[in-house]
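Inspection log for the structure reproduced underneath, given as structure tokens.
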Amino acid sequence: MQLLIRAFTAGDRSEPGIPVISSRMQSFLSSVSKRGCLMYRIRRCCLASVLLTLASVALFSQEAPPQKGTNPPKSSGKGDIGVQVQPAAPPADKKITPEEARELFASIDDTLAWLSKDTGYAIRKKVVGELASREQVAKYVDEKMNEDEDAKRLERSEIVLKKFGLLPREFNLHKFLIDLLQEQVAGYYDVKTKKMYLLDWLSAEAQKPVLAHELTHALQDQNFDLKSWESPKAPKAGDKEEYTFDEDEASTARSAVAEGQGMVTLVDYMLRGSGTTLAQAPQVADAMRKAMTSNSDYPLLDKAPLMIRESLVFPYGDGLTFESALLQRGKDAAFSGAFRRPPQDTHEVMDVAAYLHNRPAQWMVIPDLRPELGSKYAKYDEGSIGQLDTRILAQQYADESAAKDMAEAWRGGAYYAAENKDPRLTGTARIGLLYLSRWDADDSADAFAKTYADYLPQRYSSVKRVTHKDTACADSDCKSSYFFETEEGPVSIVRIDGAGVLVCEGFDFDVAGRLEQKLLTANPAKTVQVQLRSLMSPLRTSAVIQQAVGRMLVDNVEKVIPIMGIH
Ligand SMILES: [Zn+2]
């Protein structure tokens, strides 16, 4: 196997002097980055590992002499670099030597100084490095897992995610998380101890690039107190006016800022010496973003459901795109500015114009539906379905292009789940769902209703379309609406006024009618309730999961680095 990487060469492309990533490099990067970064809070170490690998590639590229014979055509000055990847035996632990460790710790100061210039963040304190052993890291992870509320929330959401078809019915989320936890960890900056932990079983050279990413978090922490900044709380509601604030969405958006910045600095670190930065070469961000979401050969991530993969990559991929766009407005806008005024939700991350014009999304109102549930059901869960969630849902139900269109057309979404008390029902059959969404236009709402209906046979084994009339239909004959009988009860997908779609699954028709009516009279509403949760975000907000993903990534790094021969 031979992989020729022309990394960041100047010349022979349409924009001379601008670095490019060759498609081969992209596929290589994708194979690395697809080790993926799940949701959010964990992210601290997660993508760092992707970055670690990317940066390692860049390091090798910078240091390697040109490869003889198979060189791509030479371009101006900066040089094309050939890096050969050869099959090799699985790498053994390469324990760091005391001298290497000393040198690595010494490089913290230099890297921090370089980062401070790159980001504009002041260095307020020296960052102390510490070596950690596998045992120490394992213990750290165990402790984190036990106190991680997001991981518990995620497990509770499992059945609702299954009902939506976002996780396969037979998927064992707990086992998947445990598998993640059993992987290795990358070096990481711990906001609690304020230390940069480096690993005693990886070589110094392999860990240097991760410093650029992780120490960015140290600078963010020194300037903005990262831990509290990343856990925004809704302000107390005023007497007269309520406002929109979804803590989960806000937290996810902030993670995209923190990780996006860490990606920017890593790319800049890779480009150092080339005389250019990401600000001058925004197409590098796009290439990396794409690389992160293309396919990989790595089993754990490959068998992870789309929702898990996409959620993992979001803070890094979309965060990088967001930060790269802000960089066009200057360093302050992209770094300190984004911390002073962070995006409020995934909508503002995915649509930079909405952020720049300060147009946050409107959230749906979910009234108290308990009286309408009657005695047969109990409330199980409720929350928002934001723009990112919608993109993931549409990609699962249709394809990438539908996902892009529907995410752009998204104007709000919320769900409500209730549990049927009948003890004979098991699994998702116990769960009744209500899902209200709003779109930019009637056409988009029609398209979403159809996509939702078309995917039902993938979610239920028995799906029979039935004729039904619903008073909520936007058109009197309910032509754009869909009604089905399934093995888990009736499903209605009703096109409602105001470019909306109201989905009701698993409730008896009479209960469904009562719920729909109450929900619709509450929406649209003058006041907006404060939403505190969102369906998929525990995946993105769990520190344990993020660290787990980091371990998965570095596992790959360990495999890749030793087999990279330079010729
Ligand atoms: Zn990070």
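Once both labels are positioned 7 Å from their Cα atoms along Cα-to-Cβ, the gap between GLN280 and LYS303 label points is 4.7 nm. Ranking of SER336, SER401, SER375, SER251 by neighbouring Cβ atoms within 10 Å, starting from the fewest: SER375, SER401, SER336, SER251.
Excluding same-chain neighbours fewer than eight residues apart, the aspartates and glutamates reachable from LYS125 by a Cα-Cα span under 16 Å are ASP109, ASP110, ASP190, GLU214, ASP221, ASP225. Per the Kirkwood formula applied to alpha carbons, segment 459-528 shows a radius of gyration over Rh ratio, Rg over Rh, of 0.99. Debye-formula intensities of segment 306-440, expressed as log10 I(q)/I(0) at q = 0.10, 0.22 Å⁻¹, are -0.44, -1.28 (one equal scatterer per alpha-carbon, no solvent). The Cβ shell under 12 Å around PRO371 holds other residues with a net charge of +2, Lys and Arg each +1, Asp and Glu each -1.
Overall shape: rounded for segment 378-528, with the ratio a/c of the largest to smallest alpha carbon gyration tensor axis below 1.5.
Placing unit charges on the Cβ atoms of the charged side chains and taking the dipole of segment 370-522 about its Cα centre, the candidate lying farthest along the positive direction among TYR452, ALA403, GLY506 is GLY506. Rounded if a/c is under 1.5, else prolate if a/b beats b/c, else oblate: with a ≥ b ≥ c from the C-alpha gyration tensor eigenvalues square-rooted, which is segment 377-428? Because a/c hits 1.5 or more and a/b fails to exceed b/c, segment 377-428 counts as oblate.
What list do you get for HIS357, HIS213, HIS468, HIS347 if you sort them by fewest beta carbons within 10 Å?
Ordered by Cβ neighbours within 10 Å, fewest first: HIS357, HIS468, HIS347, HIS213.
The modelled label-to-label distance between LYS192 and GLN328, using points 7 Å beyond Cα along the C-beta direction, is 4.1 nm.
The residues THR426, THR252, when put in order of fewest to most other Cβ atoms within 10 Å, stand as THR426, THR252.
Only the coordinates and a few stated rules stand behind these numbers; no lab work does. Everything quoted here is computed from the prediction, not taken from an experiment. When we count neighbours, we look across all protein chains shown, and the Cβ atoms used for this are built from the backbone with ideal geometry, even at glycine.
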